[in-house]
Structure formats: C-alpha cells, structure tokens
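K.L.:
Let me begin by handing over the structure; questions about it come next.
The values are calculated or read from the model by the stated rules, or taken from the named source; none is laboratory data. Note that the coordinates shown come from a computational prediction; the quantities given were computed from them, not determined experimentally. Neighbour counts are summed over all protein chains in view; Cβ atoms, including those assigned to glycine, are modelled from backbone coordinates with ideal geometry.
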Amino acid sequence: MTDQQTTTITTHDAEEDSRNRDIKIYVNGEIVHRDEARVSVYDSGFMLGDGMWEGMRLYNGKWAFFNEHMDRLFDSCKAVSLDIGMSRADIADALQRTAEANNMTTDVHCRLMVTRGVKVKPFQHPSLSRSGPTVVIIMEHSRPVDRLQSRGIRLASVPQVRGLPHSQDAKFNSHSKLNCVIGCLQAEAAGADEALMLDPHGFVNTTNACNFFIVRKGQVWTSTGDYCMNGVTRQKVIDLCQANDIPVREKNYSLYEAYSADEAFLTGTFGAQTPVAEIDGRQIGDGHAGAMTRRIRDLYKQLVAEHTGR
C-alpha cells in the first residue's frame, strides 16, 4: 500500500482554514476570542461528562434542519432533567450572534454544548450543580476534505459495543463519549480509520462517530435504531429513500451481510454521506462511492439546498 492508502483519516477531517485561529466563541452569553474562552474545572461537563451537545451546519446563512436538532437537544435534556435555561428562540439568537461575530455565512460547522453547570464540590450528585447550565457555542469554517469522498473510510469491527438503553442510551448525544473513544482506539490499533460498533446482540450498529448504512441488491439497509445515535442525517436519508422509491430497511443484520455489501456509507451532520472503502480489510464494492451512495448524496445536497434556500 502507498503512504496515502495507509494514512489514517476520520469522518471529521476538514480542510485547513487559517481563519479558525481567531474565531470567537460564545460562553454563557459572552462572545470572546478562542484564547479567552474558559469554563470552570468544577463544571459538570468537564468533571463528569454531564451534558448534551449538537453538531450543526450553516449554509447560506441558515442552519440546516435546525428544528430537528433542537428536538433532539431539548428531548435529551428533558430526559436527564437538565434545564437549558434558554428557549429555542434564545438559542437561535445566540447562534446568530456568534455567526455574525465571526462573519460566517456558509460552510460552517457548529458545536453547541450544554452542561449542568458549575458544581460546588467535585462530586457526582446533580444537586451539587447550583449555578445554572453552562452553554458554549464553537463555530469553525469547515469543509470536509476531498479525500473523504475519493478514498473512503476504512472500518474495523471492534469489541466495544453500543450499550443497552438502561445502561446509557445511545440516543443521548451526551458529553459522555468514552465508549466511542475506546472503540476508535481499538480500530486504530487494528490499522483502520474508525470503528464499526455492534449492538449488545452482535448485530451491526454504528461507527464510533456516525451512523452506518449498507447497500445490497438495490436495497439500503441500516440498523433498527434501537441502539444507535438518534441521527438527524440518518433520518433524512431514510426519508429521502422512501420519497424516491429507493427500498430502505431498518433491520438487524450481521457482519456477514456487511462484508458482502455492494456499497456502504456513513451519515453525519459534518460529512453528510461518506463512502466506506473496506471493513476488516475486506474491500466493499470497488472501494469507492457506489452508484446508490452517489444518488443519495445528490438527493441530500438538493434537500439541504431547498431547506436553506441555497
């Protein structure tokens, strides 16, 4: 293999942009230079991973699928009794202020983070967070690197699994990502770019960072959704398939079906649809984006353009 083939890439690799060295970040109502953005070491997010986040993209001055992202954020926070202290309109205003402060209008990725706030003592109990939530917005000029589409991602199936809902529901887009980090480390040790994680029953689930689809004999398959991230892009792909007469199934399937798939791709807010080149050293299709992946990618681009007026 060449050096280019063996170099690790991730689904979040972005083109270098010098403007990001001087971005301004929203921290609890204030917008400051990135070098001055601070949260307390007593913050529950830093101390315990007690918080939720959303990743969003800005196109033509509009956040793609804003309502869907807010649905997920507010549902998640309600489920863990985390009062954001802001309405959807307040969050939209904070996003607009931050974008304007950075002169950002398109090809922007945002990470919106909400934690339970600063604790009075360095212990676990939620009642020790008494100052109200911490809200941080980081925006960067961000375009996925071309090689994500030209080379594709190499996956390795790993021992680390997506857990049962009563251990830690994968639908929470929480700050607690250690299980995904461990999966990523296991994949890296196996010589792959990212991890293909199974569910507790051994069926194919997601990667450590994105949702996962395969294409078999003209059908698009993804997991049942019982143990995977509550992905906005995942749902948009399912909806697009249903609206365009593309057979799509949410079902249990094993590595056997994944290895012999005609195509495979990942979905996520940052990379949209990223082709999978190989799984556990087995080439998928011709190792590049297949016809179905390209069609879905074009349909998704059109949907984003319609939604953002681009």
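K.L.:
Got a sec? Which of Val80, Val41 is modelled with pLDDT of 95 or more and closer than 24 Å to Ala170 by Cα?
P.N.:
One residue alone meets the criteria, Val80.
K.L.:
For region 177-187, state whether one or more residues are out of contact with any His (no Cβ under 9 Å at 6 or more places or on another chain) and within 30 Å of Asn102 (Cα to Cα). Walk me through it before giving the result.
P.N.:
Step one: filter region 177-187 for residues out of contact with any His (no Cβ under 9 Å at 6 or more places or on another chain), giving 177-187.
Among the residues that remain, those that are also within 30 Å of Asn102 (Cα to Cα) are: 177.
Yes.
K.L.:
Would region 245-259 turn up any residue that is under 19 Å from Asp146 (Cα atoms) and within 20 Å of the chain's Cα centre (by Cα)? Before you say what the answer is, go through the steps one by one.
P.N.:
Our first condition is that a residue be under 19 Å from Asp146 (Cα atoms); within region 245-259, this holds for none.
Looking through region 245-259, none of the residues is under 19 Å from Asp146 (Cα atoms) and within 20 Å of the chain's Cα centre (by Cα).
Here's the yes/no breakdown for (1) modelled with pLDDT under 95; (2) over 26 Å from Gly281 (Cβ atoms); (3) surrounded by fewer than 17 Cβ atoms within 10 Å (Cβ to Cβ):
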{"residue": "Ser157", "(1), (2), (3)": "no, no, no"}
{"residue": "Gly163", "(1), (2), (3)": "yes, yes, yes"}
{"residue": "Ala187", "(1), (2), (3)": "no, no, no"}
{"residue": "Glu194", "(1), (2), (3)": "no, no, no"}
{"residue": "Met197", "(1), (2), (3)": "no, no, no"}
{"residue": "Gly202", "(1), (2), (3)": "no, no, yes"}
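K.L.:
If you don't mind, there's one more thing I want to ask. Among strands (runs of 3 or more DSSP E) lying entirely in region 8-71, which contain 3 or more residues that are free of Cβ contacts under 8 Å to residues at least 60 places away in the same chain and touching a His at 6+ places or on another chain (Cβ under 7 Å)? Lay out the reasoning, then the answer.
P.N.:
Working: elements: 24-27, 30-33, 51-59.
Output list is empty.
Conditions (1) under 18 Å from Phe172 (Cα atoms); (2) of a type outside the set (A, V, I, L, M), marked per residue:
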{"position": "Met113", "(1), (2)": "yes, no"}
{"position": "Pro122", "(1), (2)": "no, yes"}
{"position": "His125", "(1), (2)": "no, yes"}
{"position": "Val135", "(1), (2)": "yes, no"}
{"position": "Ile138", "(1), (2)": "no, no"}
{"position": "Gln149", "(1), (2)": "no, yes"}
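K.L.:
Considering region 255-291 alone, what residues qualify as being touching a strand residue (DSSP E or B) at 6+ places or on another chain (Cβ under 8 Å), of a type in the set (Ser, Thr, Tyr) and closer than 19 Å to Ala192 by Cα?
P.N.:
Selection gives Tyr259, Ser260, Thr267, Thr274.
K.L.:
So, of the residues in region 245-269 that are at pLDDT 95 or above and in contact with a helix residue (DSSP H, G or I) (Cβ under 6 Å, 6 or more places away or on another chain), which turns out to be surrounded by the fewest Cβ atoms within 10 Å (Cβ to Cβ)?
P.N.:
So the residue we want is Val248.
K.L.:
For region 119-128, give me each residue that is within 27 Å of the chain's Cα centre (by Cα) and surrounded by 19 or more Cβ atoms within 10 Å (Cβ to Cβ).
P.N.:
None; the set is empty.
K.L.:
Does any residue of region 171-185 turn out to be touching a Cys at 6+ places or on another chain (Cβ under 6 Å) and either at negative phi or of a type outside the set (Asp, Glu) (or both)?
P.N.:
Checked against the condition, which is being touching a Cys at 6+ places or on another chain (Cβ under 6 Å) and either at negative phi or of a type outside the set (Asp, Glu) (or both), region 171-185 yields no hits at all.
K.L.:
Then there is this: Find the strands (runs of 3 or more DSSP E) located wholly in region 203-247 whose residues include 1 or more that are closer than 12 Å to Ala272 by Cα and touching a strand residue (DSSP E or B) at 6+ places or on another chain (Cβ under 7 Å), and list them.
P.N.:
Here the list reads 211-216.
K.L.:
Quick one: would you say Asp107 is assigned by TED's automatic domain parsing to the domain that holds Val136 and modelled with pLDDT under 95?
P.N.:
Values: assigned by TED's automatic domain parsing to the domain that holds Val136: yes; modelled with pLDDT under 95: yes.
Yes: the conditions hold for Asp107.
K.L.:
Take the conditions out of contact with any strand residue (DSSP E or B) (no Cβ under 6 Å at 6 or more places or on another chain), of a type in the set (D, E, K, R), in the same structural domain as Asp93 (by TED's automatic domain parsing) and surrounded by 15 or more Cβ atoms within 10 Å (Cβ to Cβ) and apply them to Glu68. Does it pass?
P.N.:
yes
K.L.:
Next question. Kindly indicate which of Ala195, Ala187 is among the small types (Gly, Ala, Ser), farther than 20 Å from Lys171 by Cβ, touching a residue at least 24 places away in the same chain (Cβ under 8 Å) and in the same structural domain as Arg162 (by TED's automatic domain parsing).
P.N.:
Ala187
K.L.:
Another question, if that's okay. Would you check which residues across region 270-290 are surrounded by fewer than 17 Cβ atoms within 10 Å (Cβ to Cβ), assigned to a strand (DSSP E or B) and of a type outside the set (D, E, K, R) and list them?
P.N.:
Gln283
K.L.:
Now a separate question. Regarding Thr115, is this residue loosely packed, with under 15 Cβ neighbours inside 10 Å and of a type in the set (S, T, N, Q)? Full working, then the answer.
P.N.:
On the way: loosely packed, with under 15 Cβ neighbours inside 10 Å: no; of a type in the set (S, T, N, Q): yes.
Taking the combined requirement at face value, the residue does not satisfy it.
K.L.:
Here's a follow-up. Against the condition part of a loop (DSSP other than H, G, I, E, B) and under 24 Å from Gly231 (Cα atoms), how does Leu82 come out, does it pass?
P.N.:
Yes; evaluated as a whole, the condition is true for this residue.
K.L.:
Which residues, taken from region 121-138, are part of a strand (DSSP E or B), hydrophobic (A, V, I, L, M, F, W, C) and out of contact with any Cys (no Cβ under 9 Å at 6 or more places or on another chain)? Steps first, answer last, please.
P.N.:
Our first condition is that a residue be part of a strand (DSSP E or B); within region 121-138, this holds for 129, 134-138.
Then drop every residue that is not hydrophobic (A, V, I, L, M, F, W, C), which leaves 135-138.
Hits for region 121-138 are Val135, Val136.
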